[in-house]
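Contents: one structure, followed by commentary.
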Amino acid sequence: MSTSSQIETPNRWQGIIHRYAEFLPVSEATPRITLCEGNTPLVSAENFVSAIGGKFSLYLKYEGLNPTASFKDRGMTMAISKACEKNAEVVACASTGNTSAAAAAYAAKAKLKCVVILPHGNIAMGKLSQALIYGAETIAIKGNFDDALRIVRELGETGRVEVVNSINPVRIEGQKTAAFEICDQLGRAPDFHFLPVGNAGNITAYWKGFKEYFDRDHTDKKPRIFGFQADGAAPLVDGAPIKNPETVATAIRIGNPASWDGAINAAKESNGMIGKATDDEILHAYKTIAQSDGIFAEPASAAPLAGIIQAVKRNEIPAGSIVTATMTGHGLKDPDRALSTAGTEPILVEPNTASVMKAIGM
Ligand code: F0G
């Protein structure tokens, strides 16, 4: 919100509402609660493509570089701004960790009370630390994400809290701006877009964004959307909700996605697909992209990379294609997984050059 003590800063990036207001349900009356999210880089991953034997260009939308280190900030600037416009006093969400981090940060900025409900024992350490340091009321339940979302829906029905999960449609509106940015950065729409799927809000948002840009003549095509779930949490692929989802990619450990229809539509309308990758495939892609191109994304973000490896094996991506994929969250969110996956440890030596040279084989 601008106050009289603030100067005008026209050249400063001021977040996705400022940049894409004409595409969003906002008006002059909507307060703008922003941490300057969006404008994330589209990084070329040519080494990864060579390593897997592809003949196309791959660009990664590095959403881990948002203010709370995931794509959720795009939806949350909208959800919290609209909550303020409605004079809400309390916001609440269920989360596997990233939504809660974003809700806690934007609620702090807006001076709203924030309640986050998390599945106990299945939240990456970085994400839990975010909810706590931003000052959210943090509740851990002895259940999974699907249980937490059920409780949050019920809290919403009391009329006393504003739900900021992606069942709130303004979240989808904010998140669709990532598709706009990809098209703006490429100067065209990609041929394929790959992304991870959990509660399925983001795949719904991307497809909406790509369609709107096409409909308003900003692009002359729409990409095929390829969404990837984790093997032990793939209800959209298996065709039915899963009671006890399991995967190392805790961000997408979800058995009954809220935006089920949105995900199925995106895949169908775009002539794409929803696939699944095993934990081994996910961790292999996670380590490969870090070591081939210097991109540290969290395990869930590696699901679409595992999907790209599968697509190359099936010969599904024609030579010369432009492929994009969303790296939804930063790798530092989940340091425990990085340490266990790297498979190496620091080498402890005496404090002299000879010992270091010996240790590094020189
Ligand atoms: N990648 C990351 C890093 C996520 O945190 C999520 C979802 C997804 C992918 C999947 O996106 O749910 O829109 O299909 N995280 C939610 C959360 C569930 O609570 O942070 P989706």
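The values are calculated or read from the model by the stated rules, or taken from the named source; none is laboratory data. Model, not experiment: these values are computed from the prediction. Here the Cβ positions follow ideal geometry from the backbone for every residue, glycine too, while neighbour counts run over all protein chains shown.
Within segment 170-209, restricting attention to residues that are in contact (Cβ under 8 Å) with a residue 60 or more places away in the chain and among the charged types (D, E, K, R), the residue that is farthest from the ligand (Cβ to nearest atom) is Arg188. Whenever a residue of segment 210-225 is on the phi < 0 side of the Ramachandran plot, its partners that are of a type in the set (Asp, Glu) and not in a helix (DSSP H, G or I), lying with C-beta atoms within less than 9 angstrom and at least six residues away or across chains, give the pairs Phe214/Asp220; Lys221/Asp191; Pro223/Asp191; Arg224/Asp191.
Only residues that are within 26 Å of Ala101 (Cα to Cα) and out of contact with any helix residue (DSSP H, G or I) (no Cβ under 6 Å at 6 or more places or on another chain) were counted across segment 27-58, and they come to 5. Filtering Ile203, Ile225, Ile141, Ile172 for residues that are at pLDDT 95 or above and surrounded by fewer than 20 Cβ atoms within 10 Å (Cβ to Cβ) leaves a single hit, Ile141. Looking across segment 70-108, the residues that are buried (at least 24 other Cβ atoms within 10 Å of the Cβ) and assigned to a loop (DSSP other than H, G, I, E, B) come down to Phe71, Ser95, Thr96, Gly97. Contact annotation: residue pairs with Cβ atoms under 8 Å, 6 or more positions apart or on different chains, pairing a residue in segment 117-137 that is farther than 20 Å from Thr247 by Cα with a partner that is charged (D, E, K, R), are Glu137/Lys113. Considering segment 246-265, and only residues there that are among the charged types (D, E, K, R) and away from the ligand (no atom under 11 Å from the Cβ), the residue that is surrounded by the most Cβ atoms within 10 Å (Cβ to Cβ) turns out to be Glu246.
Annotation note: Cβ proximity below 7 Å between a residue of segment 155-169 that is under 16 Å from Cys114 (Cα atoms) and part of a helix (DSSP H, G or I) and a residue that is more than 16 Å from the ligand (Cβ to nearest atom) and among the β-branched types (Val, Ile, Thr) (sequence gap 6+ or interchain) occurs for Leu155/Val161.
Every residue, every condition in (1) out of contact with any Asp or Glu (no Cβ under 8 Å at 6 or more places or on another chain); (2) under 16 Å from Leu305 (Cα atoms); (3) not in a helix (DSSP H, G or I), yes or no:
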{"position": "Lys243", "(1), (2), (3)": "yes, no, yes"}
{"position": "Glu246", "(1), (2), (3)": "yes, no, yes"}
{"position": "Ala251", "(1), (2), (3)": "no, yes, no"}
{"position": "Pro257", "(1), (2), (3)": "yes, no, yes"}
{"position": "Ala263", "(1), (2), (3)": "yes, no, no"}
{"position": "Ile274", "(1), (2), (3)": "yes, yes, yes"}
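Could you tell me whether Ile123 is within 11 Å of the ligand (Cβ to nearest atom), in contact with a helix residue (DSSP H, G or I) (Cβ under 9 Å, 6 or more places away or on another chain) and either at pLDDT 95 or above or polar (S, T, N, Q) (or both)? Answer is yes for this residue.
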